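The values are calculated or read from the model by the stated rules, or taken from the named source; none is laboratory data. Here the structure is a predicted model, which means the values were calculated and not measured. Using ideal geometry, Cβ is built from the backbone for each residue, glycine included, and neighbour counts are taken over all protein chains shown. Remember, those area values only see protein heavy atoms, side chains included, never the ligands or the DNA or RNA. Shrake-Rupley method; radii C 1.70, N 1.55, O 1.52, S 1.80 Å.
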Amino acid sequence: MADTPIAHAAKATPPGMARKIRGLSDRAIAWIFVAPTIFLLLAINIFPLIWTIQLSFTNYKANRIGREIKNVGFRNYERILTDSDIWLNMQATAHFLFWTIFFQVLIGFTLAWLINKKFKGNDLWTTIIVLPMMLSPAVVGNFWKFLYQPQIGLFNYIITWFTGAEPSSFEMLGSVDLAPWSIVIVDTWMWTPFVMLICLAGLRSIPDYIYEAAEIDRASKLRQFFTITIPMVLPFLMLAVLFRGIENFKMFDLVVQLTGGGPGSTTELTSINLKREAFEKWRTGYASAYAIILFVTVFGLASIYVKALNKVKER
Amino acid sequence: MKRFNLATASALSIAAASVASTASADDLTLCWAAWDPANALVELSKEFEAESGHNMNFEFIPWPNFADRMLNELNSGGKLCDLLIGDSQWIGGGAENGHYVKLNDFFDSAGISMDDFAPATVYAYSTWPKGSPNYYALPAMGDANGWFYRKDWFEREDIQAAYKEATGEDLREPESQKEMLQIAQFFQGREIDGKTVYGASIFTERGSEGITMGVTSALYPWGFKYENTPGSYDMEGAVNSPEAVEALEFYKEFYQTATPPGYTNSYMGESLDAFKSGQVAMAMNWFAFFPGLYADPNTGGDKIDFFVNPPQNQAGSTLGGQGISVVSYSDKQDAALEYIKWFAQPEVQAKWWSVGGYSAHNSVLNDPGFADSAPFAGDFLVAMEAVQDFWQEPAYAELLLAMQKRVHDYVVADQGTAKEALDLLIEDWTEVFEDEGKL
C-alpha cells in the first residue's frame, strides 16, 4: 500500500471497525456521510419551504394563536398579484436592482482595470477602495443619513459647490424623485469594491502571453481590450452581477436605515414590505404567499442567469 | 455517622433558607419604552424594592422599536417581562390574545377602585372591550400630544411687531389650528439672532406610528371619527368626511410650508432635537417630555412655554400614555401584582407625579395645587379632557401601518389627494375588519 494519507487512515482504523465498515457497501458509506447534511438541509430549508407553501393558502396569523385557521385557496396570491401597491414595491426594487448593478459593474470594472496597472501605491489604493464594504450596513445607513441632511449634510454642500443651488433647496431622502437615487448611490458606494475585487481576480487570471501574442499580431490596445480582456473577464463579471443581484433583491437594512421605505412608499422595496406584512402586521398566511411569489421570481431569474453564465464559461 | 447527620442537616437548612428567600424575594422585570418617565420610574421603584424585598429590573426599548420588540415578545409567549407598560392601543390584542392577566379579581381583593383614576385613562388604558368593566391594566402614565414654543421669541418686541405687521394680529399662544399654522409660517425661514429658524417640527415618521400620531392631532380638532356609529365599523362618511379631508390637507400644508427642511421622517427625538437646537419656534410632542424640556438649561426655564393642541371645530388631542399590565406568561405574577398594588397607592402616585411621571390618579389630578405644580400641569388637565385614541382593536398594528402608509404617501410623498388617501385608508381598514370577521 502506498504511503498516502488515506493509507495512514486505513492503518489507524481499529480492526473491529474496519470489519464493520468492510461489511457496508460504498453506497451505504456514502449515505452515512451525506445523511447529516441532507437531514440539516431538510430541517432548515426544505421543511420551512413546504410549511410556508402550506401557510400561504391559509388566513393564519402567528400572533393570534387561538384563532381558527381557514383555508382560503389562492385568495392570498390573488390579492398580492392584483395589489397595485405591491407592483409599486416591485418597481422600486427593479429600479434599485438595475441601477445599482449597472453602476457597480461600470465603476467596479473601471477601478479594477486601473488597479490592475502596476503603479506605486497599488496595494494601498486597493485597501482604501475596499474599506466601504467592510462597514456594517447599519453604520453606513446612519452616516449617509447625516451626509444627506439638507441643512448640515456634506453631500448637499458638494452638490451646491458644483451647481450653485442652495444646500437646503433639495432633499435627497425626502424627495420622491431623489430618494430612489439616494439609496442607489449609497449601495453603489458600499458594494462597488466587491465587484472591483471580483473583476480584479478576473483580470489577473488572464495570462500575459495572450497579450504578448496579440502584440506580435499588432492588435491595437482597443482590439485587445474587446477581444481578450472583456471575453475573459466576462464570467467573473457575470458572477459578480449574480451575487449583487441576489443580495440587492433582499436588500433591507441599508434602506431601512436611510429612508425607512419613504417618502411615502417610494423606497419601500419588496423585502421591507414583506417584513412589515409578516412581522408587523402579522399576516402570516398572506406574507407566506408573498414570500413564495418572490422565491419563484428570484429562483426563475437566477436559473436562467446561471444557464447563461455556464454557456459563457463553456465558450 | 454523627458528622454525616450534621452535614445533612446543615445542607438541608441552607437549602430551605434559600428556597424561603426565593419565595419571598423575586427578580421582577418591568418593560417599557426608553424615555424620561422610565428613568423616573426606576427612581420611584427603589421604594418598592425597599418595602417588598423584591428586586426590580428594567427593560427599556427605544420608541421606534418598542412596539415591534414588545409585541414579538408577547406573541412568542416570552417570559422577559413580568410587568409591561404597554401602549394603549395594545389593550385589545393583549386581552384577546391572552397576553395580559385580567385584573378585576385582583383589584377587588387589593381594594383598588378604578373610580379613583381619571375616567378617560381608565377607558383608554385599562378596559377591553372598550368601556366595559373588564380591566387588563392599571392606568400608569397619562399622556397626550401637546405643543411647546419659544416663549422668549414670542415675547420679543421686534418679533411681535413684525408679526403684527405681517398678519394684523397679536403674537400669542395659538387658539386654533389655523392660527398655529399662521404663526409657524411667520417664523419659517426667519432670521433670529443671525440664524435661520423654522416654524415648527411635527411628526412625519413613516416606520412606526409617528405620522399617524401627528395627523390625528389635526384630524381630532376637525371632528374626525373612526366610525359613524361606535362599534359598527361603518367608516364611509366618517373617516373620509369633508372635515377629515380638510384636516389632512391642513397637515400637509403645515408640513410643506412651516417645517424645517429634511424633516421627512421625524418623530419624538427629531422634534426634541429641532427645538433644543433652536431651529424651530414651536414643536409638537408628548406631555411626557415636558418636564425634561422645562429643565433644559439652554431652551428650558423662562424660554419655553406649553400649550394644548389647539381646537378647530372642537377640542381634541391625540392620546398617548399607557397602563401597566401583568404579563400572563410570567412565573412571578404574585410579585408583579404586589408591584401594581404598591403603585396604585395615592401617596406613591403623588410621588410619581413629583419625579416626572404623569399620574392618572384622581387624588393627584384633583389636588387644588396640581394645576400650578408645573408650567404644563394645567395644560395636561385640559388636554386629558378631550383626548381621542387610535383603534384599540386586536388588529391594531395592521390598522396603524395602513394609516402610516396612506397619510405618508399623501403628506410627505405628495401623492394623490387627501380624499383619495382617506378613501384608500377605508379600503385597507375594511379589508382588515373583514379578515377579522367583524364586517
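Students sometimes get this wrong: rank B:T229, B:T167 by accessible area, probe 1.4 Å, all chains present, largest first. It would help to have the intermediate numbers written out before the result.
On the way: B:T229 75, B:T167 45 Å².
I get B:T229, B:T167, largest accessible area first.
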Point to revise | Among B:R150, B:R190, B:R406: highest mean-square fluctuation, GNM of chain B, C-alpha pairs under 10 Å | key: B:R190
Check your understanding: Tally Lys/Arg at +1 and Asp/Glu at -1 over every other residue whose Cβ is under 15 Å from the Cβ of A:W113; what's the total?
Key -> +4
**Study point:** Normalised contact order of chain B, rounded percent, pairs of Cα under 8 Å and 6 or more residues apart
**Key:** 24 percent
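Mean separation of Cα pairs under 8 Å and 6+ residues apart, divided by the residue count of the stretch A:129-193: what relative contact order is that in percent? Before the final figure, lay out the partial values.
On the way: 55 pairs, mean separation 22.4, N = 65.
With pairs under 8 Å counted, the relative contact order is 35 percent.
One-quarter of the Cα convex hull surface for the stretch B:17-171, in nm²?
14.2 nm²
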Exercise for review: Of the options A:F96, B:W286, A:I216, report the single residue whose Cα projects farthest towards the positive end of the charge dipole of the protein assembly as shown (beta-carbon charges: Lys, Arg +1; Asp, Glu -1).
Suggested key: A:I216
Check your understanding: So what are the ³J(HN,Hα) numbers for the stretch B:428-439, from phi and the Karplus equation (6.51, -1.76, 1.60; θ = phi - 60°), rounded to whole Hz, Gly and Pro as x?
Key -> 4, 5, 4, 4, 5, 5, 5, 4, 7, x, 9, 10
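Out of the DSSP beta bridges found with both residues in chain B, what percent are antiparallel (nearest 5)?
Values: 25 of 39 bridges.
Taking every DSSP beta bridge with both residues in chain B, the antiparallel ones total about 65 percent.
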Revision key, fill the gap. Taking the dipole of the stretch B:43-198 about the Cα centre (Lys, Arg +1; Asp, Glu -1; charges at Cβ), the one of B:G168, B:P139, B:S45 that reaches farthest to the positive side is B:G168
Point to revise | Charge sum, other residues only, whose C-beta stays under 12 Å from B:K102's C-beta, Lys/Arg counted +1 and Asp/Glu -1 | key: -3
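Give me the inter-chain shielding for A:159-169: mean count of other chain Cβ atoms within 10 Å, whole number please.
1
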Exercise for review: Write down the Kirkwood hydrodynamic radius of chain A, to one decimal in angstroms, obtained as one divided by the mean of 1/r over all alpha carbon pairs.
Suggested key: 24.1 Å
Exercise for review: Measure off 7 Å from each Cα along the Cα-to-Cβ vector at B:E49 and A:I246, then give the distance between these two points in nanometres to one decimal.
Suggested key: 5.0 nm
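Can you give the convex hull volume of the alpha carbon atoms of the stretch B:229-366 per residue, in Å³? Each step should come with its number before you reach the end.
On the way: hull volume 29.1 nm³, N = 138.
So the per-residue Cα hull volume is 211 Å³.
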Point to revise | Simple Cβ-charge dipole of the protein assembly as shown, Lys/Arg +1 and Asp/Glu -1, about Cα centre, in debye nearest 20 | key: 4960 debye
Study note, to complete from the structure: So for the protein assembly as shown, using the alpha carbon gyration tensor with a ≥ b ≥ c as root eigenvalues (a/c under 1.5 gives rounded; past that, a/b versus b/c decides prolate or oblate), I'd call it oblate
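For every other residue with a beta carbon closer than 14 angstrom to the beta carbon of B:V348, add +1 if it is Lys or Arg and -1 if Asp or Glu, then tell me the sum.
After counting each charged neighbour, the total is -4.
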Review point. Taking R0 as 41 Å, what's the FRET efficiency between B:I192 and B:E385 from their Cβ-Cβ distance, rounded to 0.05?
Key: 0.75
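How big is the A/B interface in buried accessible area, both sides summed, 1.4 Å probe, to the nearest 100 Å²? Please list the in-between numbers first.
Working: alone 19780 and 17850 Å², together 35150 Å².
Using a 1.4 Å probe on protein heavy atoms, the buried area is about 2500 Å².
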Check your understanding: Ignoring ligands, DNA and RNA, how do B:Y294, B:Y163 rank by accessible area with a 1.4 Å probe, largest first?
Key -> B:Y294, B:Y163
Check your understanding: Across 5 Å bins from the origin, how do the percents of Cα pairs in the stretch A:193-287 run, short distances first?
Key -> 3, 11, 14, 13, 11, 9, 8, 8, 7, 6, 5, 3, 2, 0
Review point. Residues of A:275-283, mean number of Cβ from any other protein chain within 10 Å of their own Cβ, rounded to a whole number?
Key: 5
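Can you give the mean number of other chain Cβ atoms that lie within 10 Å of the Cβ atoms in peptide B:98-108?
Details: counts 2, 1, 0, 0, 0, 0, 0, 0, 0, 0, 0.
Taking all residues of B:98-108 together, the mean is 0.
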Review point. So how tilted is helix B:2-24 from the main axis of chain B? Cα-based, degrees 0 to 90, rounded to 10.
Key: 30 degrees
Check your understanding: Under a 5 Å amide H to amide H cut-off, with H placed in plane at 1.01 Å, what residues pair with B:D305 once short-range neighbours are removed?
Key -> B:Y149, B:K151
**Study point:** Long pairs among A:K281/B:K79; A:K281/B:K46; A:K70/A:K250, criterion Cα-Cα beyond 27 Å
**Key:** A:K281/B:K46; A:K70/A:K250
Check your understanding: Relative contact order for the stretch A:84-314: what is it in percent, counting Cα pairs under 8 Å that are at least 6 residues apart?
Key -> 28 percent
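List the GluC sites (Glu not before Pro) within the stretch B:117-170 that fall in a DSSP loop (any state other than H, G, I, E or B) and whose Cβ has at most 16 other Cβ atoms within 10 Å. Could the numbers behind the result be given before it?
Values: sites: B:E155, B:E157, B:E165, B:E169; in loops: B:E155, B:E169.
Listed in order of number, the matching sites are B:E155, B:E169.
Hey, if we sort B:F58, A:F33 by accessible area with the 1.4 Å probe, largest down, what's the order? Numbers along the way, then the final one.
Details: B:F58 55, A:F33 155 Å².
Largest to smallest exposure gives the sequence A:F33, B:F58.
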**Study point:** Dipole magnitude of chain B about its Cα centre (Cβ charges: Lys, Arg +1; Asp, Glu -1), debye to nearest 20
**Key:** 1160 debye
Check your understanding: Once the principal axes of the Cα atoms of chain B are found, what is the range along each, listed largest first in whole angstroms?
Key -> 100, 52, 38
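Assign unit charges at the C-beta atoms only (+1 for Lys and Arg, -1 for Asp and Glu), then state the dipole size of chain A relative to its Cα centre in Debye, rounded to the nearest 20.
Magnitude of the dipole: close to 1160 debye.
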